[in-house]
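Chemist: Have a look at the structure that comes next, please.
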Amino acid sequence: MPNIKIIGGGLAGSEAALQLADSDWNVTLYEMRPHQCTEAHSSEKLAEVVCSNSFKSKLQTTASGLLKAEMQHMGCKLLPIAQKHSVPAGNALAINRSAFAAAVTKQIEENPNIQLVRREVTKLDDELTILASGPLTSMALTANLQKTIGQQQLYFFDAIAPIVETESLDLNIIFSKSRYQDDNSDYLNCPFSKEEYYEFVEALNNAEKHEAKEFENRFFQNLDFKFYENCTPIEELARRGKDTLRFGVMRPVGLQDPRTGRRPYAVIQLRAENQAKTAYNLVGCQTMLKYGQQKQVLQKIPGLQNAKFLRYGSIHRNTFLNSPEILKPNLSLKNKPNIFVAGQLSGLEGYVESILSGLLVSKILTQNWQKEKLPTTTISRNLWEHLLKPSSNFQPMNANFGLVPPLPYRESNKKLKKQKMAARALAELKTALDQS
C-alpha cells in the first residue's frame, strides 16, 4: 500500500485524500487548524468554504458548469457531497457551507485509509507529498517553500486583468496593430478621443472599490508597493492625476487610428489569451473595483460598449507559485519531484478549480495521467495547460470558454455555440476515459 502525505485539508487536499484512499493508498492528511488558525477560517472543519458559498453555475452552457460536468465524468468525490448539501440558488450550485464541511470531515475521519493529523507542517521533506496548503499558507511553511523553490517564484497577491470575449468586441472601432510595427497584429487597440479619455478617468475615480478583508488590509499595508508598480490598480493610477494613465499604460505612442489617420489621445490595448484569439485581456487594467462597477466603467472604453466579460479583474491576497517556471508537466516541483502541488497555491482560481487540481494530482499519482489524457476541448485540460504555459506575468486562472478552441465552423447563436462546445468536450472526454 503506497504512502503519501497531504499538507492542507482544504478543497484540493480533501479531494486528493479521498481519491487516493479509494485507490488503496495510505494517506496522512495534515491540517493545522484548530491549533494554528488562518485569518479567514472560522472552524476546524475540513474543506471549509470561507468566502462565497457558491460553486457557480450548474448549466453546461457556462464554463463552470461544463467543468463540473467534466469532473463528474472523472469521478470527483466532493461534487456529490456539495450537491447533497446544496441550497436553493436558481441555476447555481450553492452549498450549506457548514453542512458541506462537516460531511467532508466525517468522510475523511471515518476512512480507514486516511489518518488525519491536526498539526502545522513547517517544512517540506523527502516523503511523497501533495502540497495543498492554499492561499493562506502559514508563514513558517511559506519561508521553507521560498527556500526550496527560490524567493522570486512565490507570489503573495494576484493582479488579474479582465478578459473579454472576442465576438463581443466592436471591430469597427477597435483596430489591430502593435506599436511601431506595420505587419504585426498581436494587439487590438481601443482608441480614445480626448473627451472619451477624461470621461473614462472620471468614471474610474467615482467607481466603488472592492472592500478588502481586514487581514488583506493588514497584509497590503506591510508591503512596499514600490516593488509592485506593474500591479498598481488602474483606478489608483487615475487617482494620482488625470493624465497619469495616458502617459503610462494608456500611452498612444507608435499607434495610428485608421478611422482618423491620426494618433489617438489615449489607447487601451487588448492581448490575445489563446492561439485562436477567442478571448483578449485588457493590458494593464488590473483593478480592485467591484465586479458590477467594472462592467459599467470598462464598457466606456471605445469598442467595448457591448463587451462580454469572461473574467473580471482583481487584486487580492493570494499566495501562489510561478507554476510555469517551477512545475513539471505532472504538477510536481522540478527541483523536488516528490512534492506535488494542488489547489489555489498552484495558480488556479476558484473553489471548483481547486477541487479539480486535487482530482488531477490524484489521477497522476494513481493512474499516471498525463495532460494529453484529457482532450484539448475540455476546460480541465486547458486549466492544466495554464499551469505549464510560459508567461512573463503568470496569474491565477479560473474556468472560462476563452481557454478552449473554437468550433471548426461559425455558430452565430451564442447559447447554441456554448451547447455545442460543451457537448463536444464531454463526448471527447468520455471517449478518452473509456480508453483507460
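The values are calculated or read from the model by the stated rules, or taken from the named source; none is laboratory data. Small disclaimer: the values here were computed from a predicted structure and weren't measured. Counting neighbours? That spans all protein chains shown, and the Cβs are built from the backbone with ideal geometry, glycine included.
Chemist: Checking the structure you have, find out if any residue of region 259-270 is in contact (Cβ under 8 Å) with a residue 60 or more places away in the chain, within 20 Å of the chain's Cα centre (by Cα) and assigned to a strand (DSSP E or B).
Modeler: yes
Chemist: Against the conditions (1) part of a loop (DSSP other than H, G, I, E, B); (2) polar (S, T, N, Q); (3) over 20 Å from the mean Cα position of the chain (by Cα), where does THR431 fall short? Just the number, please.
Modeler: With (1) part of a loop (DSSP other than H, G, I, E, B); (2) polar (S, T, N, Q); (3) over 20 Å from the mean Cα position of the chain (by Cα) applied to THR431, the lone miss is (1).
Chemist: Tally time: how many residues in region 296-312 are under 14 Å from GLY350 (Cα atoms) and in a loop (DSSP other than H, G, I, E, B)?
Modeler: Number of matching residues: 1.
Chemist: Being crowded, with 24+ Cβ neighbours inside 10 Å, of a type outside the set (A, V, I, L, M, F, W, C) and not in a helix (DSSP H, G or I) is the filter here, so list the residues in region 1-28 that pass it.
Modeler: Result: GLY8, GLY9, GLY10.
Chemist: Conditions first: (1) of a type outside the set (Gly, Ala, Ser); (2) surrounded by fewer than 21 Cβ atoms within 10 Å (Cβ to Cβ); (3) touching a residue at least 24 places away in the same chain (Cβ under 8 Å). GLN72 passes all but one, so which condition is the exception?
Modeler: Result: GLN72 fails condition (3) only.
Chemist: Where residues in region 80-112 are touching a helix residue (DSSP H, G or I) at 6+ places or on another chain (Cβ under 6 Å) and assigned to a loop (DSSP other than H, G, I, E, B), which of them is nearest to LYS58 (Cα to Cα)?
Modeler: So, considering only residues that are touching a helix residue (DSSP H, G or I) at 6+ places or on another chain (Cβ under 6 Å) and assigned to a loop (DSSP other than H, G, I, E, B), the one nearest to LYS58 (Cα to Cα) is HIS85.
Chemist: Look at VAL117 and say whether it is in contact (Cβ under 8 Å) with a residue 60 or more places away in the chain and among the β-branched types (Val, Ile, Thr).
Modeler: The answer is yes for VAL117.
Chemist: Let me ask something additional. From (1) crowded, with 21+ Cβ neighbours inside 10 Å; (2) at pLDDT below 95, pick out the condition that doesn't hold for HIS35.
Modeler: (1)
Chemist: So which of LEU124, LEU136 is surrounded by 17 or more Cβ atoms within 10 Å (Cβ to Cβ) and either closer than 16 Å to LYS336 by Cα or out of contact with any strand residue (DSSP E or B) (no Cβ under 9 Å at 6 or more places or on another chain) (or both)?
Modeler: When all the criteria are applied, what remains is LEU124.
Chemist: Now for a different question. Residues that are modelled with pLDDT under 90 and farther than 27 Å from ALA47 by Cα, at least 1 per element: which helices (runs of 4 or more DSSP H) completely within region 129-225 meet that?
Modeler: 214-221
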